[in-house]
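**Q** I am attaching a structure below and will ask some questions about it afterwards.
The values are calculated or read from the model by the stated rules, or taken from the named source; none is laboratory data. Values in this document were obtained by computation on a predicted structure and should not be read as measured data. A quick note on method: Cβ atoms are made from the backbone with ideal geometry, for glycine too, and the neighbour counts reach across all protein chains shown. We work out accessible area using only protein heavy atoms, side chains counted, and drop any ligands, DNA or RNA first. Shrake-Rupley method; radii C 1.70, N 1.55, O 1.52, S 1.80 Å.
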Amino acid sequence: MKLSTKKQDYKVIRYAKIILSDWRLYALVLPIILWYIVYAYKPMGGLLIAFKNFQPNLGVMDSDFVGLSNFITLMQGAYAEQFWSAFRNTFLISLYGLIFGFPIPIIAALLFSEIGNATFRRVMQTITYLPHFLSEVTITGLVLTLVYNGEVNTGVIAHFLMSIGAIPEGTQIIQQAAFFRPLYQITGIWKETGYSSIVYFAAIMSISPTLYEALKVDGGNKFQEIRFVTFPGMAPTLVIMIILRIGNILSVGYERIILLYNGNTYSTADVISSFVYRIGLEQGNQSLGSAADMFNALIGFALVMGANYISRQVSETSLW
Amino acid sequence: MKRFIVLLMGIVLTLSLAACGGSKLPTQTTETQATDGANQETTSTGGGELAESLTINISNGNNQRTITYNQATPLTYPDGTVYNQGDLKPVWKYIQDKLGIELKDVAIQDQTSKEMMDLNAATNFEDAVVYGGSIGEDVMSYGAQGYFVDLSKRLDAMPNVKAYMEANPDAAAAATAYDGGMYHLPYVHPIGYYSRMFIGRDQWVMGLLDSADALVDETETLQVAYEGYWDRNATNVVDLQNAAASGGKLTREVALQVLLDYIKATYPDLAKPSDLYLGVGAKYDIDELVALWRVVKLSPNTLSKLTTGNVVDGAVISPFFVRAAGNREDIIRLANYFGGQRAFGTDSYGSKWYLDANGELEYSYDDEGMLEAYDYMKQLYSEGLIHSEFSDKTNKDDFRTSMFGMDQNEGQKQFGFMIYEWVASTTAANPTVVAMLPPVTTLGGSSEFVHFVENTRVIKAEGWAISAASTEEEINAALKLFDYMYTEEGNVVQNFGIPGNLEESETFEGPDGTQFPKFNQWFMDSALELKNNDISAFLRDFIGAILPIGYQASIGYEYQNTVNRGWESWDIYLGAGVITPNYEAEDPLLKLIPPIFSLTEQDKAKLATTSIDETTVDQIFLYITGADTALKSKEDILKLFTDSGVATYEQVYQEAYKRMAQ
């Protein structure tokens, strides 16, 4: 017993010494840990709401336990159609974002890296970053004005599209489900391309110039530079970013959706987070909202695990 | 090290899970509270100690509709008193001084009543003594669980409330929960007066029908879709117009000529064709109205010239429109005129209930008659007779202003013909518009054609209540405040404002001879300057009167807001004896239903398994507007309701109504 206690004491001292020796690093990580406790772990208790007939006056613990009833109502009951439609939309909107939105910041970073004049490059980068700092309310307000097509007034973009014959006269873009996803993606690309390119630009800048020089000596042209030096050099960053993106495939930001969608476009616009907002907050059915969100989170968790596993097997680059 | 971090994270996770979710109010506490409430309720508060201050939370999702003055512009009364942002509004400062109780506003800016109730339920309603807004249904439910004071046991401390409830048993019944308790005092409209009317431009009707002098060449055409409903006359005017339409396309000349010929043949006694539609003798039905709407729609040049003096290039006419997209369900009220199909049982879009001939509560939106009416509305919309943007809730425009209130603005191209709206504010928006009687229809099993409007003044779901978590002194103070609103003085203050904005020695005489407090010139000037002459908004947002709390509203302020052709409008409806539902009606079909239903916990649990909500309503408007994603048929709509659990939904409310009726 004494020996074991001594051993444990020794271990504690050893850990304490390790922490003390690197205390600056631990101090740096402390805010992150606190953030996780407050915003990620503490709210996890709220997941219990998904299994309860939650009543605000009784609180989470004292509300009646109803097992999987909320999940059944959601997936097979009265809300099934809305829920599965939202689930499908979440997946599709995110997938389109991955297909169309993911490569564009990479292309932008490549183009930025090829600009020789540093001042011009910085100006261009700053201009493309700017939309990121506008609030979603401002962005969507602008979009709604540009595509508005009322009985009397018409937005610039709607007018342009009608004048070139891309859409029929009188088309109300914001009222038609078919236009929602392109509108959402184009708005997102415009807003985030510049800012998202920072990480790729940094990855390109970290590639050793000697590799480019070596290729030049071998007679490589600009495209071969990109293909044989830049892309391989960016690969670890690209892989990690794509894993993170896949992990978030069911986490479509709800702000822009809620600001842009309406009853006419639910069929293509309503995502899990907007569904949760509507059911949980607007209608006050927190249990159902919680169940939907939990389901969403579990699928997201499985996806990120899967992506990480595949990446590790295929490219030897992974998050863990 | 890895193990240490894993351990640390594990501890954090465990602690966070353990720390989560614990209610501040476990069941035991609830019971204790209920017991406390019962003890308190046996004690008479008459003459009891009063708290020095009261916390009040009135939430309506609008930061201007609280008891605090939230305007950037200070308000200076004639006596020099200045109300700045953050002060109590004049009415509430006056009440505070009068009662000697400090009033503290604890409402959160722009919070809705629903959000307020949900959040405060989580803290046992301890954050305020008085809660107000659209809270009736929640308060009935929480009240029965002991969270709100049962006012029925405190009536001795509120003699004026007691007298009012005895004199107005409908109000008392509407505020009584399933357990017999009265947990809130409701906001009661001036019952018995017309509220909303069909209001339109009679100048247009006369210009189009009575003479060809005003007619200007038109190029618009209209693809007919509606096929008519009634067969009460020898011919149906919609049938005739459809038959005359070339390839289904109707021109103004054809539509107008057919309508004029029809009126001449069907109503030979009319002095002039417009008499079919205008004045107290109007007797048109929905088909005849549609025929007129078609002519109106096809006459943008003529009507823009009649309105502005010049033909407006590109003018767009909306024959029928709603005040704003938020009022889109007013379109559903058109169903009333297709054989008397009922839509709403009281003055609320949420109340899609009515009593059938057997007195049974029925959900209206999935009725066979309503499903047919959706088709008619769809056809009218496709013809362009209903404003194209009426159901777009992303559009925050005030259509009443843009279609009635901006006629003389340069570049104005949008003009509306007809709306179903509040008479005083709508006739104030445009000096030329006036009430038109509703289309005639049959009701229930009767074959008699009558003028009927479903919307009327009612007991509202809004009101206020006292938290049972309050101290006895606070409850006594709140009871005193509640009772004050039912005194003569309190009623004047809540309806008209404080003495500083009223004439001292002059009253306003209503059309039936009733005398009301009269707004002084300062009030009228200020309302014009600060709120564009919207008296009711000025009273609420600046003065602090007519908030949705427990009191009896007066028609007097609305009378004083009546200008232009508002009086003429009242006379038309009164003269024709337009029928409205009421609380005393013997015919169940004409009986108003309670504004809210008192639901038990079991009821609420059952409702949670249904999905009859705003999204369902969205689907109906998609059907009417023919959106690409819309349901395709009436059968699809019926299936939508069935899948959404309408049977359970209906059963819950039917049982709740039976309990209340008993």
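**Q** Students often forget the sequence filter, so: which aspartates and glutamates lie under 20 Å Cα-Cα from A:LYS11 once same-chain residues fewer than 8 apart are removed?
**A** Counting by Cα, and skipping residues close in sequence, A:LYS11 has these aspartates and glutamates nearby: A:ASP22.
**Q** Just to be sure I understand the rule: take each whole DSSP H helix in chain A, project its Cα atoms onto its long axis, keep it if the span is 27 Å or more and its mean Kyte-Doolittle hydropathy is at least -1.0. Which ones pass?
**A** A:2-21, A:177-205, A:286-315
**Q** Using modelled amide H (1.01 Å from N, peptide plane; none on Pro or chain starts), what sits under 5 Å from the amide H of B:TYR69, excluding residues fewer than 5 places away?
**A** B:GLY86, B:ASP87, B:LEU88, B:LYS89
**Q** Take peptide A:260-268, look around each residue's Cβ out to 10 angstrom, count Cβ atoms belonging to other protein chains, and average those counts.
**A** So the per-residue partner count for this stretch is 6.
**Q** May I ask for the angle, rounded to the nearest 10°, between helix B:634-643 and the longest principal axis of chain B, with both axes built from Cα atoms and the value confined to 0 to 90°?
**A** Tilt relative to chain B: about 10 degrees.
**Q** Averaged over peptide B:111-123, how many Cβ atoms belonging to another chain are found within 10 Å of each residue's Cβ?
**A** Whole-number average of other-chain Cβ neighbours for B:111-123 is 3.
**Q** For region B:102-164, what class follows from the C-alpha gyration tensor (a ≥ b ≥ c being the square roots of its eigenvalues): rounded when a/c is under 1.5, otherwise prolate if a/b is larger than b/c, else oblate?
**A** Judged from the Cα gyration tensor, region B:102-164 comes out prolate (a/c at least 1.5, a/b above b/c).
**Q** Taking every residue in B:385-394, how many Cβ atoms of other protein chains lie within 10 Å of its Cβ, on average?
**A** Counting other chains' Cβ atoms within 10 Å and averaging over B:385-394 gives 4.
**Q** Oh, and also: I'd like to know which of A:ILE246, A:ILE174, B:GLN560 lies farthest towards the positive end of the charge dipole of the protein assembly as shown, counting +1 on Cβ of Lys and Arg and -1 on Cβ of Asp and Glu.
**A** Result: A:ILE246, furthest along the dipole toward the positive end.
**Q** Now for a different question. Between A:VAL252, A:VAL12, A:VAL38, where does the largest GNM mean-square fluctuation fall for chain A, given springs only between Cα atoms within less than 10 Å?
**A** Between A:VAL252, A:VAL12, A:VAL38, it is A:VAL12 that shows the largest mean-square fluctuation.
**Q** In a GNM of chain A with a 10 Å cut-off on Cα contacts, which of A:ASP22, A:ASP62, A:ASP293 has the highest mean-square fluctuation?
**A** Largest GNM mean-square fluctuation: A:ASP22.
**Q** Quick check for me: using +1 on Lys/Arg Cβ and -1 on Asp/Glu Cβ, what's the dipole size of the protein assembly as shown about its Cα centre, in debye to the nearest 20?
**A** Around 5420 debye, computed over the protein assembly as shown.
**Q** Moving on. Please report how far the C-alpha centroid of region B:429-464 lies from that of region B:612-660, rounded to the nearest whole angstrom.
**A** The distance from the Cα centre of region B:429-464 to that of region B:612-660 comes to 24 Å.
**Q** How many lysine pairs does region B:196-445 hold where the Cα atoms are under 21 Å apart and the two sit 8 or more places apart or on different chains?
**A** Lysine pair count for region B:196-445: 13.
**Q** To the nearest 10 degrees, how steep is helix B:368-382 against the longest Cα principal axis of chain B, on a 0 to 90 scale?
**A** The angle comes out at about 60 degrees.
**Q** Can I ask one more? For region B:208-291, what class follows from the C-alpha gyration tensor (a ≥ b ≥ c being the square roots of its eigenvalues): rounded when a/c is under 1.5, otherwise prolate if a/b is larger than b/c, else oblate?
**A** Note, shape of region B:208-291 comes out oblate.
**Q** In terms of Cα to Cα distance under 17 Å, which lysines are near enough to B:LYS162, apart from those fewer than 8 places away along the same chain?
**A** Within the straight-line limit of under 17 Å, B:LYS162 reaches these lysines: B:LYS153, B:LYS480.
**Q** Measuring with a 1.4 Å probe in the full set of protein chains, what accessible area per residue, in whole Å², belongs to chain B?
**A** In whole numbers, chain B has 38 Å² accessible per residue.
**Q** Let me ask another. Determine the share of the protein assembly as shown's accessible area contributed by carbon and sulfur atoms, expressed in whole percent, with a 1.4 angstrom probe.
**A** Using a 1.4 Å probe with all protein chains present, the protein assembly as shown comes out at 57 percent carbon and sulfur.
**Q** Hey, another quick one. List the residues, sorted by chain then number, that are 5 or more residues from B:ASP105 or on another chain and whose placed amide H is less than 5 Å from its amide H.
**A** B:ILE56
**Q** Any idea of the accessible area per residue across region A:69-315, 1.4 Å probe, to the nearest Å²?
**A** Heavy-atom SASA per residue in region A:69-315 reads 49 Å².
**Q** Right, here's the next one. For region B:196-445, what D do you get in µm² per second when you plug the Kirkwood radius from alpha-carbon pairs into Stokes-Einstein at 4 °C and 1.567 mPa s?
**A** The diffusion coefficient I find is 70 µm²/s.
**Q** Something else about it: In angstroms, what radius of gyration and Dmax does chain B have, counting Cα atoms only?
**A** Looking at chain B, its Cα Rg and Dmax stand at 27.4, 101 Å.
**Q** What are the ³J(HN,Hα) values, in whole Hz, obtained from phi via the Karplus relation 6.51 cos²θ - 1.76 cosθ + 1.60 with θ = phi - 60°, for each residue of region B:598-610 in sequence order, with x given for Gly and Pro?
**A** 8, 9, 7, 4, 5, 4, 5, 5, 5, 5, 5, 8, 9
**Q** State, as an integer percentage, the relative contact order of region B:196-445 based on alpha-carbon contacts under 8 Å between residues 6 or more apart.
**A** Once normalised by length, the contact order is 30 percent.
**Q** Report the equivalent ellipsoid semi-axes for the protein assembly as shown in whole Å, largest first, defined as the square roots of five times the eigenvalues of the gyration tensor built from alpha carbon atoms.
**A** 54, 42, 27
**Q** Can you tell me the relative contact order of chain B? Whole percent, Cα pairs under 8 Å, sequence separation 6 or more.
**A** With pairs under 8 Å counted, the relative contact order is 21 percent.
**Q** A follow-up question, please. Given the rule -39500 (n - 2.57) for each run of at least 4 DSSP H residues, summed and divided by the residues of the protein assembly as shown, what is its mean residue ellipticity at 222 nm, to the nearest 500 deg cm²/dmol?
**A** So the calculated ellipticity at 222 nm is -14500 deg cm²/dmol.
**Q** Let me ask you something else. Distance from the Cα centre of region A:191-220 to that of region B:320-383, in angstrom?
**A** Region A:191-220 and region B:320-383 have Cα centres spaced 64 Å from each other.
**Q** Give the angle, between 0 and 90 degrees and rounded to the nearest 10, that separates the Cα long axis of helix B:614-625 from the longest principal axis of the Cα atoms of chain B.
**A** Once rounded, the angle reads 10 degrees.
**Q** Could I ask something else about it? Residue-wise, which Karplus ³J(HN,Hα) couplings in Hz belong to region B:90-103, taking 6.51 cos²θ - 1.76 cosθ + 1.60, θ = phi - 60°, and x for glycine or proline?
**A** My calculation for region B:90-103 gives x, 4, 7, 5, 5, 5, 4, 5, 5, 8, x, 10, 6, 9 Hz in order.
**Q** Is the C-alpha gyration tensor of region A:69-315 telling us rounded, prolate or oblate? Criteria: a/c under 1.5 is rounded; beyond that, a/b larger than b/c is prolate, otherwise oblate.
**A** oblate
**Q** Calculate one ³J(HN,Hα) per residue across region A:55-69 by plugging θ = phi - 60° into the Karplus curve 6.51 cos²θ - 1.76 cosθ + 1.60, and present them in order as whole Hz with x for glycine and proline.
**A** 10, x, 6, 8, x, 5, 5, 8, 5, 5, 7, 10, x, 9, 3
**Q** Given the C-alpha centroids of region B:198-266 and region B:520-594, what is the distance between them in whole angstrom?
**A** One Cα centre to the other: 35 Å.
**Q** Another question, if that's okay. With a 1.4 Å probe, what is the total accessible area buried between chains B and A, in Å² rounded to the nearest 100?
**A** Buried area (both sides, nearest 100 Å²): 3900 Å².
**Q** Right, another one. Just how many % of Cα pairs in region B:346-398 lie over 12 Å apart, if you round to the nearest whole percent?
**A** 75
**Q** Amide H of A:LYS52 versus every other amide H placed in the peptide plane: which residues, excluding those fewer than 5 positions away on the same chain, fall under 5 Å?
**A** Distant-sequence amide H within range of A:LYS52: A:VAL66.
**Q** For B:LYS591, which aspartates and glutamates qualify as cross-link partners when the Cα separation must be under 15 Å and same-chain residues fewer than eight apart are set aside?
**A** Answer for B:LYS591, where 15 Å is the Cα cut-off: B:ASP170, B:ASP347, B:ASP356, B:GLU360, B:GLU362, B:GLU454, listed by chain and number.
**Q** Another one. Tally Lys/Arg at +1 and Asp/Glu at -1 over every other residue whose Cβ is under 14 Å from the Cβ of B:PRO74; what's the total?
**A** Net of charged neighbours comes to -1.
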